[in-house]
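*Asks:* Structure incoming, see below.
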Amino acid sequence: MMCGIVGVMFKSPAEQGPVGQMLCGMMEPLFRRGPDSAGIAVYTDAAAASELVLRVLLNAPDLDGAAARAQARAERIAPVTEAVREGALLRLKVQPVGEISALVSAIDADRSEVVVASVGYCSEIVKKVGAPDDLQQFAITAQPATHGIGHTRMATESKVDLAHSQPFGARVSPDIAVVHNGHITNYLKMKRRLEAQGYEFTTHNDSEVIPYYVDSKLRKGASLAECLRDAVRELDGTFNLIVATPRELGVAKDPIASKPLCVVETDRLVAIASEAVALHGVVPAGVRFWEPPTKEVLVWSR
Amino acid sequence: MVTVDCEGRTTREINQEIKALLRDGIKEIRLSNPNGRHNLGVCLLAPVKLTIDGNAGYYAAGLCDGPEVVIRGNVGWGVAENLMAGTVEVHGNAGNAAAATLRGGTVCIHGDSGSRTAISMKGGVCIVEGRVGYMTGFMMQKGTLIVCGDADEGLGDSMYEGTIFVGGTIKELGNDAVIKEPTREELAFLTGELQRFGITGRFDWKKVVAGRRLWNFNKKELDVWKVAL
């Protein structure tokens, strides 16, 4: 499977920048790797986060009606302080809740119409069907941010729609987002294992196992690096993964190096992309990039 | 020397301009602002000095016969694929499958090179000043691969012929690859090849060749099957 993935992180805890715009700029030259859909996850300062933001995918002819019903279901669990619809994506801001899964289940009650795509105190995922050229329609792309990841998809094994687009969030845990280039061949086995732990899958996309896998490991106390090392061992198939959490950005590469990935790091930032052509807008000319070796796990923190 | 600015042009336009300059007898061309673009400087079949001044993407200087190509940056997958003659020198890192199916001439990568470097190499010389990735030299058939740094897993897997020299450590040999002692003549050859590209240093050379157990494959040897597959 083709697909293009990107990631960027400002390394200094004090620094924020136009991460959303940077990700969009990096994805545009990668559109040939995946013109079917595109999306980004953008992380803002974790320390300043106070309310929970949900991104809900709307799949109904009457988008306003579906949005209103999703909002009403959310309000049964937690007070909604803001609701904005951007195309087929509803952005709900709610006051902090105890158990996020109860809120997600309530909104998800009619999955044919609405599905929660992501939840986050300091992150948001936005997606669209088609090439990545107009992702900047989403307000989050203009906000100062600390880090983020992006994906432009060439679908080979499941539907082309908003729900099957990446990045995927962990849904029942906040602020975990994943982009994946490749194919997880033991997807069904991993899916059954995660379903037994209570994770509810909303798509037929093999990549959806990854955020739940990461979440299940992090909940058990693993560090992101340990989690990704386990992923390299337990996930079968071809993959380059970029995983984002509130303060970390991680990369994992499969044992047979079947997908391309370029990494570049300066004193100020780290940038990752499927192809070098995506890196030229974010790092100075002459900075050396490299291709991580097989089974490589890299994690940057801020 | 003529400079071709890649900015604002399609890859096809750039490569067609290079061909037009060659027809006009130009012998030295520089590409500015390559910005990681794929397929630059491909199918050069005449003696020309081409400098790519920056990073190049996939298949830079692929399918060439006779040029002298210098890339002042990093490259993506498949640099100098199937080079027949001439030189391709990369002043940076290379992605996967650098010098794949190399048939002649010399490829020199001054940085690290990714997985499957010199896969199915059929002649010529490939030099990597840094380390090489997984399955480097896979199914090599002829020629010389010189790795000054370390080699990752699967080095020389299923190689038929040819020689790999490694100056650093070898994480793991591939199937049927074996280590032999380099001869004095071979060490002199290595020194000469490295000097051509200004590479100096002290290296603990290991010579890797085919063990030839896979040359005459007996399908009844189950242990060999298990290892090979």
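*Asks:* So, R0 is 41 Å and r is the distance between the beta-carbons of residue B:214 and residue A:102; what FRET efficiency does that work out to, to 0.05?
*Replies:* Efficiency, rounded to the nearest 0.05: 0.10.
*Asks:* Taking only Cα atoms, what is the 0 to 90° angle, nearest 10, from helix B:11-23's long axis to the longest principal axis of chain B?
*Replies:* 80 degrees
*Asks:* Could you put B:155, B:222 in order, starting from the residue whose Cβ has the fewest other Cβ atoms within 10 Å?
*Replies:* B:222, B:155
*Asks:* Let me ask another. Within a 10 angstrom radius of each residue's Cβ in B:110-118, how many Cβ atoms of other chains show up on average? Whole number is fine.
*Replies:* Neighbouring Cβ atoms belonging to other protein chains average 3 per residue here.
*Asks:* Okay, next question. What does the charge dipole of chain A about its Cα centre add up to, to the nearest 20 debye, if the Cβ of each Lys and Arg holds +1 and the Cβ of each Asp and Glu holds -1?
*Replies:* Once rounded to the nearest 20, the dipole reads 460 debye.
*Asks:* Let me ask something else about it. Run down the lysines and flag those whose C-alpha is under 26 Å from the C-alpha of residue B:19, throwing out any fewer than 8 positions away in its chain.
*Replies:* By straight Cα distance, residue B:19 reaches B:27, B:49.
*Asks:* Right, another one. Calculate one ³J(HN,Hα) per residue across segment B:132-144 by plugging θ = phi - 60° into the Karplus curve 6.51 cos²θ - 1.76 cosθ + 1.60, and present them in order as whole Hz with x for glycine and proline.
*Replies:* Ordered by residue, 3J(HN,Hα) equals 10, x, 3, 6, 5, x, 4, 6, 5, 10, 6, x, 10 Hz.
*Asks:* List B:225, A:300 from most exposed to least, where exposure is judged by having the fewest other Cβ atoms within 10 Å.
*Replies:* Ranking B:225, A:300 by Cβ neighbours within 10 Å, fewest first, gives B:225, A:300.
*Asks:* Now for a separate question. Mind listing which GluC sites (Glu not before Pro) in segment B:145-229 are in a DSSP loop and have 16 or fewer other Cβ atoms within 10 Å?
*Replies:* When the GluC sites (Glu not before Pro) of segment B:145-229 are filtered for loop state and at most 16 Cβ neighbours within 10 Å, B:161, B:172, B:221 remain.
*Asks:* What 222 nm value per residue comes from the helices of chain B, counting each DSSP H run with n ≥ 4 as -39,500 (n - 2.57) and dividing by all residues, nearest 500 deg cm²/dmol?
*Replies:* -4500 deg cm²/dmol
*Asks:* From the phi angles alone, apply the Karplus equation (6.51, -1.76, 1.60; θ = phi - 60°) to segment A:295-300 and give each ³J(HN,Hα) in whole Hz, x where the residue is Gly or Pro.
*Replies:* 6, 6, 10, 10, 9, 10
*Asks:* Amide H neighbours of residue B:57 under 5 Å, counting only residues 5+ apart in sequence or on other chains, H built in-plane at 1.01 Å?
*Replies:* B:36, B:37, B:38, B:39, B:40, B:76
*Asks:* Continuing with the same structure: Where does helix B:184-196 land angle-wise versus the long Cα axis of chain B, in degrees 0 to 90, nearest 10?
*Replies:* 20 degrees
*Asks:* Using a Gaussian network model of chain B whose springs link C-alpha atoms within less than 10 Å, name the residue from B:182, B:34, B:67 with the highest mean-square fluctuation.
*Replies:* Its mean-square fluctuation being the largest, the pick is B:182.
*Asks:* Taking the alpha-carbon distance from residue A:295 and a cut-off under 27 Å, which lysines remain once sequence neighbours fewer than 8 residues away in the same chain are dropped?
*Replies:* Within the straight-line cut-off, residue A:295 pairs with A:11, A:189, A:191, A:217, A:220, A:253, A:259, B:171, B:206, B:207, B:226.
*Asks:* I need the phi-derived Karplus couplings for segment A:166-181: 6.51 cos²θ - 1.76 cosθ + 1.60, θ = phi - 60°, integer Hz, Gly and Pro marked x.
*Replies:* Here the 3J(HN,Hα) series is 10, x, 9, x, 7, 6, 8, 10, x, 6, 10, 9, 9, 10, 9, 10 Hz.
*Asks:* Let me ask something else. How many partner chain Cβ atoms sit within 10 Å of a residue's Cβ in peptide B:72-85, on average, as a whole number?
*Replies:* Shielding by partners across B:72-85 averages 2.
*Asks:* Taking the Cβ-Cβ separation of residue A:64 and residue B:225 as r and a Förster radius of 56 Å, what is the calculated FRET efficiency to the nearest 0.05?
*Replies:* 0.30
*Asks:* How big is the charge dipole of chain B about its Cα centre, in debye rounded to the nearest 20, if each Lys and Arg gets +1 on its Cβ and each Asp and Glu gets -1 on its Cβ?
*Replies:* 440 debye
*Asks:* Measure out, as a whole number of angstrom, how far apart the alpha-carbon centroids of segment B:190-222 and segment B:97-123 sit.
*Replies:* If you average the Cα positions of each part, the centres end up 14 Å apart.
*Asks:* Suppose R0 equals 45 Å; then what is the FRET efficiency for residue B:43 and residue B:150 from their Cβ-Cβ distance, rounded to the nearest 0.05?
*Replies:* 0.85
*Asks:* Continuing with the same structure: To test your reading of the geometry: what angle, between 0 and 90 degrees and rounded to tens, separates the Cα axis of helix A:63-75 from the longest principal axis of chain A?
*Replies:* 80 degrees
*Asks:* Now a separate question. Rank these for me by crowding, A:302, B:116, going from fewest to most other beta carbons within 10 Å.
*Replies:* A:302, B:116
*Asks:* May I pose another question? Per DSSP H run of n ≥ 4, the term is -39500 (n - 2.57); total these for chain A, divide by its residue number, and report the mean residue ellipticity at 222 nm rounded to 500 deg cm²/dmol.
*Replies:* Here the helix-only value at 222 nm equals -6000 deg cm²/dmol.
*Asks:* Skipping prolines and chain starts, which residues have an amide H placed within reach, meaning under 5 Å, of the one on residue B:174, given they are 5 or more residues away or on another chain?
*Replies:* Close amide H contacts, sequence-distant or interchain: B:154, B:155, B:156, B:157.
Coordinate-derived values only; no laboratory data. Nothing here was measured: the structure is a model prediction, and the numbers come from that model. Neighbour counts are summed over all protein chains in view; Cβ atoms, including those assigned to glycine, are modelled from backbone coordinates with ideal geometry.
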